[in-house]
1. For the range 215-227, state whether one or more residues are at pLDDT below 90 and open to solvent by less than 30 Å² (accessible area, probe 1.4 Å).
2. Which count do you get for residues in the range 160-169 that are open to solvent by 40 Å² or more (accessible area, probe 1.4 Å) and at pLDDT below 95?
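The values are calculated or read from the model by the stated rules, or taken from the named source; none is laboratory data. It should be emphasised that the depicted structure is a prediction, and the values quoted were computed from it without experimental measurement. In case anyone asks, the SASA skips ligands and DNA or RNA and just uses the protein heavy atoms, side chains included. Shrake-Rupley method; radii C 1.70, N 1.55, O 1.52, S 1.80 Å.
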Amino acid sequence: MPPKRSTKGPARRINSYLRVAGTLAVSAFWGLHAHAANVDVAIAFAVDFSSSIDEKIADLQREGHAAALTSPEIIAAITRNYVGCISVTYFEWSSPGQTRVVLPWTSICGLEDAKAAASVIIKRGDTGHIRRGRSGTSVSAAIDVGSLLLDQFPGKAAKKVIDISSNGENNDGMPVQPSRLNAIAKGYTINAIAIPTEDDNPHQPLASYFAQSVIGGSQAFVITPKGPTDYATALRRKLVTEVSMKCRPPTDGCALFNQ
């Protein structure tokens, strides 16, 4: 008789998907309503709020995204595009099932839209004050949630991006590769900003891990800040590249590419 095929892997992935869908449903129940139309780019910001994210890093991520969205460079890049609008959603993730949508799909067509979205991120985003129960870092879950949010995008976008911000490798939940390949197969691009830590291995920095194992899709790249004070600047350079609808990667030597 042929050996029995194990169903444990598929069952675990189905359960993980159901947890993701349940989390998003709860977020919608809390009163988050998506607003989107046809745009040039749809970006799902996937922001790490696992137990390794302290108050300092939480502030960097929350304030960095808000500052980047409202920067003159981003507004100019948006308005120069074909439609002249992008749409963004911002969610926080840690272990599988530990996901929180902070900003639902929101169209940004100018500075006032950007300020409104930034205000929500500042007010509702993680502050790092309470880290109990967040445990691990599941990059695979972050990709799955980002992919599901892009599936549910209520409009049309010429480009769809999952934009991961994290200070750690995948150490919880499913392996990254199936989630990564699934998102790429849908035509989504996975980019990342790797936040360096004090114990970062100089021989294999976190950015190298993201470049080799996480990012993918058309013109995908990972960027790493040179230091804590460079996060907002690095993120702004990254967003300009994503929003501009053409490949214009950062040129200061801090980016790695998979293609």
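1. yes
2. Filtering the range 160-169 down to residues open to solvent by 40 Å² or more (accessible area, probe 1.4 Å) leaves 160, 169.
So of that shortlist, the ones also at pLDDT below 95 come out as 169.
Residues meeting the conditions: 1.
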